[in-house]
1. What are the ³J(HN,Hα) values, in whole Hz, obtained from phi via the Karplus relation 6.51 cos²θ - 1.76 cosθ + 1.60 with θ = phi - 60°, for each residue of the range 264-281 in sequence order, with x given for Gly and Pro?
2. Using a 1.4 Å probe and ignoring any ligands, DNA or RNA, find the accessible area of TYR159 and quote it in Å² to the nearest 10.
3. Report the extension gain between GLN294 and GLN326 in nm, rounded to one decimal, defined as 0.36 nm multiplied by the number of residues separating them, less their alpha carbon distance.
4. On the accessible surface of the range 164-273, probed at 1.4 Å, how many percent belong to carbon and sulfur atoms?
5. Within the set LYS153/LYS175; LYS176/LYS203; LYS29/LYS281, which residue pairs have Cα atoms separated by over 32 Å?
6. When ranked by the protection proxy of mean other Cβ atoms within 10 Å per residue, highest first, what sequence do the peptides 162-175, 223-236 form?
7. Would you work out which of LEU215, PRO276, ALA228 lies farthest towards the positive end of the dipole of the range 151-301, given +1 charges on the beta-carbon of Lys and Arg and -1 on that of Asp and Glu, about the Cα centre?
8. Quick check: with the 1.4 Å probe, what order do ASP136, ASP202, ASP305 take by accessible area, largest first?
Amino acid sequence: MVRIPLDSTNGTQDDLNGFRFSLDQIVTKVNKLENQVNDVEQFYHSIDVQVNNSKEKGREKHLSGTKKPLQGASCSGAVAAAAATAKRNNQELMRQFSTILNQITMHEWAWPFMDPVDVEGLGLHDYYEVIDKPMDFSTIRSKMAAKDGSGYKNVREIYTDVRLIFNNAMKYNDKKHNIHNMAKTLLKKFEEKWLELWPKVDKEEKRQLAEEAQLQLNMQLAQEATYANMARNLSVSLHEVDMQLESLKALVIQKCRKLSDYEKTMLGNALPMLSPENLVKALQIVSENNPAFQPNTLEVDLDIDAQSDYTMWRLNVFVKDALEAQGRTAEGTAVNHDNGADDHNNSKRRRIS
């Protein structure tokens with residue numbers, strides 16, 4: 001946006017205040033849109049990371065075999081339904097596992113494993129040095145009955161603890177010890193019972209994994225749809241901002257007074273004083289609103305009177321600022337020029353006629 005001095009317009013102070021208010025509104029809208037663009041970019045970046053991680057872990061094959069994705073609000077309902085199904089199926093598996101547990105604990109050799117080992121009473125002073133995690137059937141049953149969230153989440157966890165009971169006993173007691181042989185016998189019977197239940201456990205675990213993968217995919221697709229809509233809306237909003245800026249520019253041009261002949265003469269005299277870099281930028285300003293103008297030739301014919309008022313104001317402001325910056329740079333730098341250097345610098349400048 002071109003900076004227009006207060007005395008450079010034909011409009012009133014109210015017109016100027018109106019321009020500033022409109023420009024402030026556009027800036028506020030652009031800042032808001034910029035934040036939304038950042039959100040969209042971060043989301044799609046995270047999607048790229050997830051896709052790369054999935055490929056590394058070989059999960060894409062598993063996801064490709066899932067059912068057709070759900071859409072929109074149905075995702076939340078699907079999550080609740082999946083959780084209810086998993087809970088119901090887990091409860092049924094635990095009920096069947098409890099039957100196995102009852103059969104094992106009713107065995108005549110189960111009594112040493114029903115309660116925690118009486119370490120002090122039996123004088124087993126090295127027990128905790130040998131056994132990292134003690135376990136017994138009373139502890140398992142208490143955890144199975146827990147309602148505070150500290151209980152078992154599935155039968156596989158219970159299976160692990162039951163095996164731990166017998167493995168601890170065999171680890172601490174010598175093979176010739178009765179407790180060792182009793183634990184070994186019960187472990188074998190337990191594994192036989194577990195194998196009967198295992199197909200149902202395996203089926204349910206696979207079902208839950210597939211369902212979780214499907215739900216994750218559904219939620220990802222729902223998010224992608226949301227951000228795709230956001231991206232489309234951003235595109236429309238950014239186009240609206242462009243149109244508002246064009247309208248505001250047109251209003252500014254209408255209100256701009258023309259440069260006086262004296263100001264044009266001063267501008268024409270100032271152009272050759274620009275550095276090569278700034279001269280290129282100045283000529284680009286002219287070409288932006290004058291497609292017929294060719295700024296890339298060695299010698300440029302610039303008819304100042306033929307340029308639009310808007311171009312003249314932009315050019316005038318740029319040249320003034322550029323020369324001020326060049327002057328500050330020259331004051332801070334001590335450089336000795338000989339004739340050869342002057343000729344070299346002059347040869348780098350475009351000729352403005």
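1. 5, 5, 4, 5, x, 6, 7, 4, x, 7, 6, 5, x, 5, 5, 5, 4, 5
2. Counting only protein heavy atoms, TYR159 exposes about 40 Å² to solvent.
3. Details: separation 32, 0.36 × 32 = 11.52 nm, distance 2.54 nm.
Extra length available between GLN294 and GLN326 comes to 9.0 nm.
4. Working: 3890 of 6860 Å².
Accessible surface attributable to carbon and sulfur in the range 164-273 totals 57 percent.
5. Over 32 Å Cα-Cα: LYS153/LYS175; LYS176/LYS203.
6. Working: 162-175: 17.4, 223-236: 13.0.
Ranking, from highest mean packing down: 162-175, 223-236.
7. LEU215
8. ASP305, ASP202, ASP136
The values are calculated or read from the model by the stated rules, or taken from the named source; none is laboratory data. From a predicted model like this one, the values you see are computed outputs, not experimental measurements. All Cβ positions, glycine included, derive from the backbone under ideal geometry; neighbour counts span all protein chains shown. These accessible areas exclude ligands, DNA and RNA; they are computed on the full protein's heavy atoms, side chains included. Shrake-Rupley method; radii C 1.70, N 1.55, O 1.52, S 1.80 Å.
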